[in-house]
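K.L.:
The structure's right below; bear with me while I get my questions together.
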Amino acid sequence: MDLGIAGKRAAVAAGTAGLGLAIARALAAADVAVAVCGRSPDGVAAAAAEGLSAIVADVSTPEGAAGFVRDARDALGGIDIVVANAGGPPGGGFDDFPDPQAYAEAFSLNALSTIAMCQEAIPEMRARQWGRVVGVTSIAARQAMPNLILSTTARAGVTGFLKTLAAQVAADGITVNSLQPGSHATGRLEKLYGGDLSIPAAQVPMGCLGRPEDFGAVAAFLCSDQARFVTGSAILVDGGAYLGLQ
């Protein structure tokens, strides 16, 4: 399907691996010019070898996140699409993080970074009267998970920010949505489960983990022309793992 976004320019944060890279590939397949960032020079070099504009950047701070959007703008000549993404904070529960600083660092990584990217990109989108913002959060933003207390805290907060922002920029032709991934076959999940991916797979009603490329396709659709009337949504991509009614 032609997504109607050929020639647009996208900044995909943390886009050199995992779900971020899957999104970058899906957008590139739709003839979008894509800039990605990562902290690892090796990961950045590998992304560049795929034809992506690859930037070494750390989006765990507001300054680094805003800097990535600026560098992506310079590389691409403008930004039409922002995919606000970042790695997850350490796994664990309440007793594992007695120092409140752990929550501050998680909030910086998974909330303030997204806010900073939006602040940097939205004025340009408003001037053009077209834009797409997709925030990658987590099923933990909707369903509390004992081993992801930091992620739940930070990502629930940024979900509220994105929902509020959506209503304020809708008249400017900008859509703002978030995607809430469940368990996908990524390096992050391997770290959380000590390499045994059979454990999270067994917890998914479909009986398997999500494929990053399928998640990337969903994200690319939210950036499409066909999705122009979808905004303010928080969409689960989890194989049925979330069991609530709302």
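Every number in this text was worked out from the coordinates using simple rules, so none of it is lab data. If you're wondering where the values come from, they're calculated on a predicted model, not measured in any experiment. All Cβ positions, even for glycine, are placed from backbone atoms using ideal geometry, and neighbour counts span all protein chains on display.
K.L.:
If amide H atoms are built 1.01 Å from N in the plane of the peptide, which residues on other chains or at least 5 residues away come under 5 Å of the amide H of Leu179?
P.N.:
Gly135, Val136, Thr137, Ile235
K.L.:
Next question. If you wrap a convex hull around the alpha carbons of the range 9-237, what volume per residue comes out, as a whole number of Å³?
P.N.:
Residue-normalised Cα hull volume stands at 116 Å³.
K.L.:
For the chain, build the charge dipole from Cβ charges (+1 Lys, Arg; -1 Asp, Glu) around the Cα centre, then report which of Ala217, Ile5, Gly87 sits farthest towards its positive end.
P.N.:
After comparing all options, I get Ile5.
K.L.:
In whole Hz, what ³J(HN,Hα) sequence does the range 171-176 give by Karplus (6.51, -1.76, 1.60; θ = phi - 60°), x for Gly and Pro?
P.N.:
My calculation for the range 171-176 gives 5, 8, x, 10, 9, 9 Hz in order.
K.L.:
Compute the angle between helix 113-128 and the longest alpha-carbon principal axis of the chain, please, reported from 0 to 90 degrees and rounded to the nearest 10.
P.N.:
For 113-128 against the chain, the angle is about 20 degrees.
K.L.:
How large is the charge dipole for the chain, taken about the Cα centre, if only the Cβ atoms of Lys, Arg (+1) and Asp, Glu (-1) carry charge, to the nearest 20 debye?
P.N.:
Using only the charged Cβ atoms, the result is roughly 520 debye.
K.L.:
Can you compute the equivalent ellipsoid semi-axes for the range 120-246, i.e. the square root of 5 times each eigenvalue of the Cα gyration tensor, sorted largest first and rounded to whole Å?
P.N.:
One finds semi-axes of 29, 15, 13 Å for the range 120-246.
K.L.:
Under Stokes-Einstein, with the Kirkwood radius over Cα pairs standing in for Rh, what whole-number D in µm²/s applies to the range 180-227 at 20 °C and 1.002 mPa s?
P.N.:
In µm²/s, the coefficient is 183.
K.L.:
Still on this structure: Would you look at the GNM of the chain, springs on alpha carbons closer than 10 Å, and say which of Met145, Met125, Met117 moves the most?
P.N.:
Among Met145, Met125, Met117, the largest mean-square fluctuation in the Gaussian network model of the chain belongs to Met145.
K.L.:
Right, something else. For the range 27-70, what's the radius of gyration and Dmax over Cα atoms, in angstrom?
P.N.:
Rg, Dmax (Cα atoms, Å): 10.9, 30.
K.L.:
Still on this structure: What shape does the range 119-195 take by its C-alpha gyration tensor, where a ≥ b ≥ c are the square roots of the eigenvalues and a/c under 1.5 counts as rounded, a/b above b/c as prolate, and the rest as oblate?
P.N.:
prolate
K.L.:
Same structure again: Please work out the Cα center distance from the range 195-246 to the range 91-117, rounded to the nearest Å.
P.N.:
23 Å
K.L.:
In sequence order, what are the phi-derived ³J(HN,Hα) couplings for the range 73-81 according to the Karplus relation 6.51 cos²θ - 1.76 cosθ + 1.60 with θ = phi - 60°, rounded to whole Hz, with x for glycine and proline?
P.N.:
Going residue by residue, I get 4, 5, 6, 9, x, x, 10, 9, 10 Hz, with x marking Gly and Pro.
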